[in-house]
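Only one structure is covered here, and it is reproduced in the block below.
The values are calculated or read from the model by the stated rules, or taken from the named source; none is laboratory data. Worth saying up front: this structure is predicted, and the values here are computed from it rather than measured. Quick note on the areas: whole protein, heavy atoms, side chains included, nothing else; ligands and nucleic acids left out. Shrake-Rupley method; radii C 1.70, N 1.55, O 1.52, S 1.80 Å.
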Amino acid sequence: MNKAIILPLLALAACQAAPETNAAQDAEAANQANAPVKDIETLPPDETVVPPANEAAAPSEPAPKTIPAAFRGRWGMVPNDCDPKRDDAKGLVEIGADSMKFYESRAKLAKVTGAWPEKIEAEFAYSGEGQNWTKKETLALTGSSNTLTRTEPEGAFTYKRCPA
């Protein structure tokens, strides 16, 4: 279509007057807009909201004050870490009820922020090599609870449960 035709048509459409309305119609519309709506169904106050399927559900129980028993024990990054005769097991972590022991540091459980059957999120107070620091970590179990993944801000580390 030609630009010479389009521009005058647009100008003409812009200049057309808005349709006139009746004052009685305006008053009725205002009254309806302000009237209370009686047909809205509301939920009782004790109904719970279910999170969308793509969001992780919050723990259903209060967070424990200890590391759950399923996470406790000796865990090694390589098979030699699990050998109790070796003193160079740098990939060994020993998890107790409220602590984790590493080759050169110790972590004391400070606060559990989330707990699920195979996952715990917590803050730990670390000490080692003359320094102290705190760190948020996630411990997760997989592989019939024989694989532990420890995730911290610096990365993720995978361990295998040491034989008893």
Next on the checklist: What is the percent carbon and sulfur in the accessible area of the stretch 70-162, measuring with a 1.4 Å probe over the protein chains and ignoring ligands?
Outcome noted: 49
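Counting each pair of different Cα atoms once, what's the Kirkwood radius of the stretch 93-164 in Å, rounded to one decimal?
Working: mean 1/r = 0.0786 Å⁻¹.
One over the average 1/r among Cα pairs gives 12.7 Å for the stretch 93-164.
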Checklist outcome for this item: From the cross-link list 90/136; 119/160; 65/119; 65/90; 136/160, the entries with a Cα-Cα span beyond 18 Å are 90/136; 65/90; 136/160
